[in-house]
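Data block below; observations after.
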Amino acid sequence: LGEREDEILAANRDHARANGERVAAFVERHDLEWYEPTGVNAFPTVPDGFESGEAFCRSLFEAESVVLAPGEAFGHPDRFRIGFGLHADELEEGLERITRHVESVRSA
């Protein structure tokens, strides 16, 4: 990274922190629990109305074309993995789609 290493790393940390706050707000809004992330991946609990992480991720993909990793892949069937290292606008769009799907299932 050369002479810009400190600057680049600081920008990446700021980006991860800001996106982590976006995901934290999403987790709180939907009354989920999570393990506080140390990087750019979080493991929230599956929202009410879904049988498992796999069922949630599969239905979300089918309904909203959002790809998340089911917690079963990590030994936690009651959770899902969401990465938040991407651009903020893409993350916001994804969180909106997830919210739309969760709310549609809860209201059904």
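Accessible surface comparison of Phe74, Phe80, probe 1.4 Å, protein chains only, largest first: the order is Phe74, Phe80. In the full protein context, the range 3-108 carries 62 Å² of accessible surface per residue, based on a 1.4 Å probe and ignoring ligands, DNA and RNA. Placing a pseudo-label 7 Å from each Cα along the Cα-to-Cβ vector at Phe74 and Arg58 gives an inter-label distance of 2.1 nm.
Helix 5-29 and the longest principal axis of the C-alpha atoms of the chain enclose an angle of approximately 20°. Sparse packing (at most 13 other Cβ atoms within 10 Å of the Cβ) combined with a DSSP loop state is found for the following GluC sites (Glu not before Pro) in the range 14-46: Glu33. Remark: accessible surface ordering of Ile8, Ile82 (largest first) is Ile8, Ile82, probe radius 1.4 Å.
The values are calculated or read from the model by the stated rules, or taken from the named source; none is laboratory data. No experiment lies behind these values; they were computed from the predicted model shown. When we count neighbours, we look across all protein chains shown, and the Cβ atoms used for this are built from the backbone with ideal geometry, even at glycine. Just so you know, the surface numbers come from the protein's heavy atoms only, side chains and all, with ligands and any DNA or RNA stripped out. Shrake-Rupley method; radii C 1.70, N 1.55, O 1.52, S 1.80 Å.
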